[in-house]
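Chemist: Below you will find the structure I want to go over with you.
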Amino acid sequence: MINVLIADDHALFRDGLKRIFNETDDINVVAEAIDGKDILKKARESDWDIALLDINLPDINGLDILKRILSANASSCVLVLSMYPEEEYAIRAIRSGASGYLTKDSPTDQLINVIRRLAKGGKYVNPELAEKLLFNPVMESDKLTHTTFSDREFHVFKLIVAGESLTSIANKLALSVKTVSTYRSRILEKMNMKNNAQLVRYAIQHRLVE
């Protein structure tokens, strides 16, 4: 039996996954988490084999959570499930230690097969992406400025383009407003931009927002 931990803040999506797994004879949901703090707690308390992790959680960035889980147990298996396009996020997730990456619009059969593959110690990225990595190691996305961000800069960037104020971002990340302002200035400098509106246009152009 493959024990699965689901981390996603959308109840309907979690319920949909549970219905899918209920129709299998080898995948069992042992725990659910609705945000970053919750999954870190459930990851310690639950006996799971694979964590299904959404990148876009309401409190802690999914990539930060991924690194914390792996820091506690390097052999942990995490499959990132996200609405974000693979070329923009899959490489960052894999480089952070994820065992696989799937978009949420993937077919049900593919999700089940990937989970079974990971349970046997395998890895997974979309074949098209794997081919690009094989024959073109320098991805087009790697040439884009946002791919040079640290994970913390990327998280701040995402919150800014989502319309969050500096104070709100500071509260979410447990940072001072001054520190967040410094991150914002650094991001604008790297992007060669002057304001948040330009960041938002860039994010929309490169499909970095849902």
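The values are calculated or read from the model by the stated rules, or taken from the named source; none is laboratory data. A quick note: this is a predicted structure, and the numbers were derived from the prediction, not measured. Methodologically, a virtual Cβ is constructed for each residue, glycine included, from the backbone with ideal geometry; neighbour enumeration extends over all protein chains shown. Ligands, DNA and RNA are stripped out before the accessible areas are found, and what is left, the full protein with its side chains, is counted by its heavy atoms. Shrake-Rupley method; radii C 1.70, N 1.55, O 1.52, S 1.80 Å.
Chemist: Looking at ASN28 and the list (1) touching a strand residue (DSSP E or B) at 6+ places or on another chain (Cβ under 8 Å); (2) open to solvent by 60 Å² or more (accessible area, probe 1.4 Å); (3) part of a loop (DSSP other than H, G, I, E, B); (4) not small (Gly, Ala, Ser), which single condition is not satisfied?
Modeler: (3) is the only condition that ASN28 fails.
Chemist: Provide a single number: the residues in the range 174-210 that are open to solvent by less than 70 Å² (accessible area, probe 1.4 Å) and in contact (Cβ under 8 Å) with a residue 60 or more places away in the chain.
Modeler: Residues meeting the conditions: 2.
Chemist: So the check is Cβ under 7 Å with 6+ separation or different chains; which pairs have a first residue in the range 148-165 that's open to solvent by 10 Å² or more (accessible area, probe 1.4 Å) and a second one that's among the β-branched types (Val, Ile, Thr) and part of a loop (DSSP other than H, G, I, E, B)?
Modeler: Partner pairs satisfying both residue conditions: VAL161/VAL209; ALA162/VAL209.
Chemist: Given the conditions (1) in contact with a strand residue (DSSP E or B) (Cβ under 7 Å, 6 or more places away or on another chain); (2) open to solvent by 30 Å² or more (accessible area, probe 1.4 Å), and given that ALA74 satisfies all but one, which numbered condition is not satisfied?
Modeler: Condition not satisfied by ALA74: (1).
Chemist: Now, a different point. Do you know which of the residues in the range 31-54 that are touching an Asp or Glu at 6+ places or on another chain (Cβ under 9 Å) and open to solvent by 60 Å² or more (accessible area, probe 1.4 Å) is nearest to LEU70 (Cα to Cα)?
Modeler: This residue is LYS37.
Chemist: Need pairs with beta-carbon distance below 6 Å; first residue among the polar types (S, T, N, Q) and within the range 29-53, second in a strand (DSSP E or B) and at pLDDT 90 or above; sequence gap 6+ or separate chains.
Modeler: The qualifying pairs are SER46/LEU5; SER46/VAL30; SER46/ALA31.
Chemist: Within the range 1-25, which residues are under 22 Å from ASP64 (Cβ atoms) and assigned to a loop (DSSP other than H, G, I, E, B)?
Modeler: Scanning the range 1-25 gives ASP8, ASP9, HIS10.
Chemist: Filter the range 31-70 down to residues that are hydrophobic (A, V, I, L, M, F, W, C), modelled with pLDDT under 90 and not in a helix (DSSP H, G or I), then give me how many there are.
Modeler: 3
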